[in-house]
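The values are calculated or read from the model by the stated rules, or taken from the named source; none is laboratory data. The structure displayed is predicted, hence computed values, not measured ones. Using ideal geometry, Cβ is built from the backbone for each residue, glycine included, and neighbour counts are taken over all protein chains shown. Ligands, DNA and RNA are excluded from the accessible area calculation, which covers all protein heavy atoms including side chains. Shrake-Rupley method; radii C 1.70, N 1.55, O 1.52, S 1.80 Å.
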Amino acid sequence: MSRRLNPAWWIVGAVVAVFVVAGFYLLGPRPRRVVPTELKPTPTGTVNILIIGKDARAVGPVANEGRQRNKREEQSHSDIIVVCHINFGVPAVNLVAIPRDLLVEVPGITAAASNTDFTHMEKIAHVYAIGGDKLLRKTVTNLLGIPIHRSIAFDFDTFRMAFDILRPFIGILRIGEVNLTERDQALKFARKRYGLQFDDADRCRNAVSLIRGVMIRAWWLGGTRLGDMVIGRMLTIVGEDTDLSADEVHQLTNGLRRAGFSPAKTETAVLVGEGADVTLARYSQTMSCYLPAYGEIEKQAARFLMDKKDVDAISFMTQEKFRAPGYLFESYVTPTDSADSLTPLPFDTTGMDAQLKSTRLKELGAAREHGRGETTATDTARKK
């Protein structure tokens, strides 16, 4: 007499079969029709994407922080700026961070008499607040001599939401001596500046290391239906803060895969410079800034953004020593900088709306208050 199989086993078998089929469907390679896009690489087969971390503050009550987008300021600083350089021919991906306090010429806004007329330049972090991603892209092109094809910006909400989406696939992300396990910790790690040995230079190093780590852990998703779903969800979260389309993201990742790219080979760098106090004419105020070491930056751009591997450029990921030009040791503080000389709007308001003007006035007020308690130049705290 034959024994009948327990019906429970049929149910278990059916469930397992469903999971296996779903796994093959989601994780298996998916056929995808090549869709023409407007993203055109340079003649040398390169594309440059600007990755921005902005400090837009919440406007009004905050609900479900990190789980939904809350209304935030329309104008904000770009605290993190990273150029993601992609070369399909090598293949290679390089991540180059630009310190937020770097002084730059801003097309149509500043008019410095020379490349060392720092008092008539602007912090690159302010450029995003003045003219958004378009002006920031022009400024980066002017600084580094490369085209910027696309940009993507994250605020506090979208960063947290993006990390939550990726967390199941990247697991515990170890960056240096830090294990990143949840969104708030990751955001704090990416934004932390004060208390680090080399201030914003170290924050830049953390930022590119974080992006590189996520690339390495999430690369296996590429070419799968699950990966398509993740990309779609990420772009939905970011919304209007990017001009990248899903088809363009697939164009980039598929192109790198076909060329045999390995994310473990991604190189990282931070633009070389030196911190200094500079009296910025636009604000009639002395601020803590970052002076560019042009010779080193030119070599970095050639190696990491133009793929000239024969150029001997430092990455500045470990605060390497470099030959510092004399202008880095000049004084750029003017004696007319005082609280008594300030007018109601002591700065150039070109491109600024009322909200940004108000922000600048608050910054200047905080700076003057802070300055009354200082006794030496070396005690100067870094201000926005």
Open item on the list: From the protein chains alone at 1.4 Å, what is the descending order of accessible area for 193, 225, largest first?
Closed with: 225, 193
TODO: Take the Cβ-Cβ distance between residue 274 and residue 229 as r, set R0 to 56 Å, and report the resulting FRET efficiency rounded to the nearest 0.05.
DONE: 0.80
Task: Listed peptides 230-236, 158-164 by packing density, highest first (mean Cβ within 10 Å) - done: 158-164, 230-236
Task: Separation of the residue 246 and residue 329 label points, Cα + 7 Å toward Cβ, nm - done: 5.8
TODO: Could you work out the relative contact order of the stretch 172-311, using alpha carbon pairs under 8 angstrom and six or more residues apart, expressed as a whole percent?
DONE: 15
TODO: Compute the relative contact order of the stretch 92-235 as a whole-number percentage, counting only Cα pairs closer than 8 Å that sit 6 or more residues apart in sequence.
DONE: 20
Task: Accessible-area composition of the stretch 201-337, carbon plus sulfur, in percent [1.4 Å probe] - done: 54
Open item on the list: Could you sort the peptides 166-172, 301-307, 122-128 by per-residue average Cβ neighbour count (10 Å cutoff), highest mean leading?
Closed with: 122-128, 301-307, 166-172
Task: Highest-first arrangement of 316-328, 206-218, 75-87, where packing means the average Cβ count within 10 Å - done: 75-87, 206-218, 316-328
- [ ] Only Cα pairs under 8 Å and at least 6 apart count here; give the relative contact order of the stretch 86-149 as a rounded whole percent.
- [x] 27
Task: the stretch 117-193 and the stretch 243-288: distance between their alpha carbon centers, rounded to Å - done: 8
